[in-house]
Amino acid sequence: MTKEEVRAFTRETSLTYDTLIDTYIPLIEEDICTYLNNWFQDNVIYVEASSGLAFTRGNTATATSAADYITDDDDRFSTAGFAVGMDIAIAGGSNYGLYRITGQTTAVLTMATTGEFVSQDLDASYNSVGRVRISRVKWPSSLKPIASKMIWYQIDQNKPGGAIQERVDDYSVTFASGREYPQQLISQLDLRWKQARTK
């Protein structure tokens with residue numbers, strides 16, 4: 001998603017909420033994946049390994065902040081097809097979740113996040129993680145209108161001012177993140193992409 005797409009799908013012409021939209025995009029993406037139990041992992045662009053990968057936590061303790069990054073001893077990142085701006089999903093290990101690539105070399109992927117990784121080296125003697133899969137997130141285009149409405153719902157419910165909001169349908173779904181959405185909106189996700197959870 002981009003803020004321009006969110007504005008187009010919600011017919012919001014003002015630029016007033018662009019910063020909020022940018023803030024909500026990764027949060028709503030993660031809500032969607034968690035709710036659907038579907039991380040939309042690509043089977044074309046990925047690296048899967050039980051060794052060679054190391055995750056390093058960035059920090060803001062110094063004047064120049066350092067982003068989270070992943071290194072690969074076997075230099076597979078560029079040949080796998082990873083690129084700057086791409087969303088990736090990490091499955092396995094301590095860094096399960098969605099991330100965005102802001103820098104890429106043959107051996108290093110730099111994330112948009114700082115301080116979200118748990119430092120973990122798959123080659124360490126104490127490692128008991130098993131296999132870790134890093135793959136491109138292949139978002140279905142038909143998800144964009146629904147995600148845009150979810151983003152706008154969060155912004156609209158938190159607009160400052162004295163406006164009184166009236167809810168016609170009281171039934172809503174609250175996600176593990178604490179964000180709430182109308183059931184009518186969430187049911188659009190259930191129809192096509194929800195995957196069964198296994199114990």
Exercise for the section: State to the nearest 20 debye the size of the charge dipole of the chain about its Cα centre, where the only charges are +1 on K and R beta carbons and -1 on D and E beta carbons. Expected result: 440
Exercise for the section: For Ser65 paired with Val108, estimate the spin-label separation in nm (one decimal), with each label point 7 Å from Cα along the Cα-to-Cβ line. Expected result: 1.8
Practice task
Mind counting lysine pairs for me in the chain? Cα separation below 19 Å, and the two need to be 8 or more apart along the chain or on different chains.
Solution key: 8
Practice task
Compute the signed sum of charges (Lys and Arg +1, Asp and Glu -1) over the other residues within less than 13 Å, Cβ to Cβ, of Gly81.
Solution key: +2
Problem - For Gly58, distant residues with modelled amide H under 5 Å away - result: Asp68, Tyr69, Gly115, Glu116, Phe117
Exercise for the section: With no solvent and one equal point scatterer per Cα, compute the Debye intensity ratio I(q)/I(0) for the stretch 1-86 at 0.11, 0.26 Å⁻¹ and report its log10, rounded to two decimals. Expected result: -0.52, -1.21
Problem - Selection from Pro26, Val108, Ala124 lying farthest towards where the dipole of the stretch 1-139 points positive, charges on Cβ - result: Pro26
Practice task
With springs only between Cα atoms under 10 Å apart, run a GNM on the chain and tell me which of Thr113, Thr71, Thr174 wobbles the most.
Solution key: Thr174
Handout entry: Shape call, the stretch 41-137: gyration tensor on alpha carbons, a/c limit 1.5
Key = oblate
Completion exercise
Checked against the structure, the computed Rg/Rh (Cα atoms, Kirkwood Rh) among [x] 0.93; [y] 1.01; [z] 1.60 is the one labelled [y]
Exercise for the section: Within the stretch 76-109, which residues have the backbone N less than 20 Å from the label spot 7 Å out from Glu5 along Cα→beta-carbon, could you tell me? Expected result: 82-90, 97-103
Completion exercise
Karplus-derived 3J(HN,Hα) from phi for the stretch 72-79 (6.51 cos²θ - 1.76 cosθ + 1.60, θ = phi - 60°), whole Hz, x at Gly and Pro, runs 10, 4, 9, 6, 9, 5, 6, 5
Exercise for the section: Could I have the simple spin-label model distance between Gln188 and Asp18, label points 7 Å from Cα toward Cβ, reported in nm to one decimal? Expected result: 2.5
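Since every read-out is calculated from the coordinates, none of them should be taken as a lab result. In this text, all values refer to a predicted model and were calculated from it rather than measured experimentally. We place every Cβ from the backbone using ideal geometry, glycine too, and count neighbours over all the protein chains shown.
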